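J.: Dropping a structure here in structure tokens format, bear with me for questions.
The values are calculated or read from the model by the stated rules, or taken from the named source; none is laboratory data. Small disclaimer: the values here were computed from a predicted structure and weren't measured. So basically every Cβ, Gly included, is an ideal-geometry build from the backbone, and we count neighbours across all protein chains shown.
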Amino acid sequence: MIKLTEDAANQILEQIKASGSDDPLRVAVTTHSKIQGFQYLMGFDVQKEDDTLIESRGVKIIVNNEMVDLLNGMEIDFVEVDSEIEGDDKQFIFKNPNDPNYKPPAQ
């Protein structure tokens, strides 16, 4: 299903610790008619009856059952990016083979 890299898991676990909450991380995907590909959403939430619960690197992740196929095989990473506006920064990136815009790294 969804896998977290070590850096992503560490960042999420830090956020969980800072928030004091034990709610799992919800991962969702949306599509938009004006934007090709997927947009990803993450946030802490309560598990609902129509959710699938998984665990990766000690992080509990919930996904709505309707999104399971769209997110199957996805990896979430936390990487340093070069931004002209904000300089060097870190952000989550989503490597999803089901996303029409996903381009796997050259081997």
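J.: Mind checking which residues of segment 50-59 are closer than 23 Å to Asp99 by Cβ and not in a strand (DSSP E or B)?
T.: Answer for segment 50-59, where residues must be closer than 23 Å to Asp99 by Cβ and not in a strand (DSSP E or B): Asp50, Arg57.
J.: Given the residues Gly73, Gly37, which is the only one that is modelled with pLDDT of 90 or more, within 20 Å of Pro105 (Cα to Cα) and touching a Pro at 6+ places or on another chain (Cβ under 6 Å)?
T.: Exactly one of Gly73, Gly37 is modelled with pLDDT of 90 or more, within 20 Å of Pro105 (Cα to Cα) and touching a Pro at 6+ places or on another chain (Cβ under 6 Å), namely Gly73.
J.: Something else about it: Which residue is surrounded by the fewest Cβ atoms within 10 Å (Cβ to Cβ), if the candidates are limited to segment 1-49 and must be in contact (Cβ under 8 Å) with a residue 40 or more places away in the chain and part of a loop (DSSP other than H, G, I, E, B)?
T.: Filtering first and then ranking leaves Met1.
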